[in-house]
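Read the structure below first, then the notes.
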Amino acid sequence: MGETLGTDEPIERKKVMATFVLIHGAWHGGWCWDKVVPLLKGKGHKVEAPDLPGHGKDKTPIMEVSLKAYVDRICQILDAQSEPVVLVGHSMGGIVISQAAEYRPEKIKILVYLTAFLLQNEESLLQVAGGDTEALVLPNLIMAEDQSYATIKEEAIKEAFYGDCSEEDVRWAKSLLVPQAAAPLATPIRITENRFGKIPRVYIECLRDRAISPSIQKKMYTALPCQSVITLDTSHSPFFSAPETLLGHLTSLKV
């Protein structure tokens, strides 16, 4: 028998909401989603925003950080979920969600690339980024002497990542950025049409991005077409500058 309220009015069953797993980009950590997570939770969704190995509060030594380590962390999270998730990758996080999708296609409802690297099979992030002549990241990289990690010149960080963000957010973000291991950036992803390719994809392009130029974003989602392309008139970090707008797009996805 169904539950009732009062006499014979059925109680409205709580709508089954989505589980979002949010993957940060290079130099960042799960903290970059701090404005978006409570908004999603406020709509009744479940949210995971982990630190990848060597990022945020995770203290994995930089020499042990690899694309495999990143993907293993995400697969652990996917395996712990009771239902398939909406897997969102920002920037470098795009290569992580693509590779995780190859290994766990049954655990993912939809892949969302938020101004992210959407690579084809056997491509590496550095291979694609190297062709982005409009972006500010590679020209401002400071490589470690042993080439194992990179940082960004301090004076270029705001323009590259946070062009339309508040000074308060920029200061906070700068205080939390960590050196980025080089190995994941140079590792080609390996994906197939019958696993990764079966999962619906959405691309969210950012028109004022100086870390991944709009022309490269378009080149990637044209080469590997998506179910839909959403356009934001923001910098590389809409989770800071336009969290409510980003929320609206994420919660409107057909999952």
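Bear in mind that the values in this text are calculations on the coordinates, not laboratory data. Note that this is a predicted model, so its numbers are computed, not measured. Positions of Cβ are generated from backbone atoms using ideal geometry, with glycine treated the same way; all protein chains shown enter the neighbour counts.
Please list, ordered by residue number, the strands (runs of 3 or more DSSP E) wholly in segment 105-192 having 1 or more residues that are in contact with a Ser or Thr (Cβ under 8 Å, 6 or more places away or on another chain) and farther than 18 Å from G56 by Cβ.
Qualifying strands (runs of 3 or more DSSP E): 108-114, 141-143.
So how many residues does segment 228-247 have that are of a type outside the set (A, V, I, L, M) and without any contact (Cβ under 8 Å) to a residue 40 or more places away in the chain? Steps first, please.
Of segment 228-247, the ones of a type outside the set (A, V, I, L, M) are 228, 231, 233-241, 243-245.
The next check asks that each one be without any contact (Cβ under 8 Å) to a residue 40 or more places away in the chain; those that pass are 228, 231, 233, 245.
Looking only at that region, the number is 4.
Take L232 and decide whether it is over 16 Å from G94 (Cα atoms) and within 17 Å of the chain's Cα centre (by Cα). Lay out the reasoning, then the answer.
Details: over 16 Å from G94 (Cα atoms): yes; within 17 Å of the chain's Cα centre (by Cα): yes.
Taking the combined requirement at face value, the residue satisfies it.
Report yes if some residue within segment 219-235 is in a helix (DSSP H, G or I), farther than 27 Å from K158 by Cβ and not aliphatic (A, V, I, L, M); otherwise report no.
yes
If I go through segment 165-181 residue by residue, how many of them are out of contact with any strand residue (DSSP E or B) (no Cβ under 6 Å at 6 or more places or on another chain), of a type outside the set (D, E, K, R) and either in contact (Cβ under 8 Å) with a residue 40 or more places away in the chain or crowded, with 17+ Cβ neighbours inside 10 Å (or both)?
Adding up the residues that qualify gives 7.
Scan segment 192-203 and tell me whether some residue there is within 23 Å of H28 (Cα to Cα), out of contact with any Cys (no Cβ under 8 Å at 6 or more places or on another chain), hydrophobic (A, V, I, L, M, F, W, C) and surrounded by 15 or more Cβ atoms within 10 Å (Cβ to Cβ).
Among the residues of segment 192-203, not one is within 23 Å of H28 (Cα to Cα), out of contact with any Cys (no Cβ under 8 Å at 6 or more places or on another chain), hydrophobic (A, V, I, L, M, F, W, C) and surrounded by 15 or more Cβ atoms within 10 Å (Cβ to Cβ), which makes the answer no.
Got a sec? Which helices (runs of 4 or more DSSP H) wholly within segment 19-104 have at least 1 residues that are surrounded by fewer than 19 Cβ atoms within 10 Å (Cβ to Cβ) and free of Cβ contacts under 8 Å to residues at least 12 places away in the same chain? Before you say what the answer is, go through the steps one by one.
Details: elements: 36-42, 67-79, 93-103.
Ranges flagged: 36-42, 67-79.
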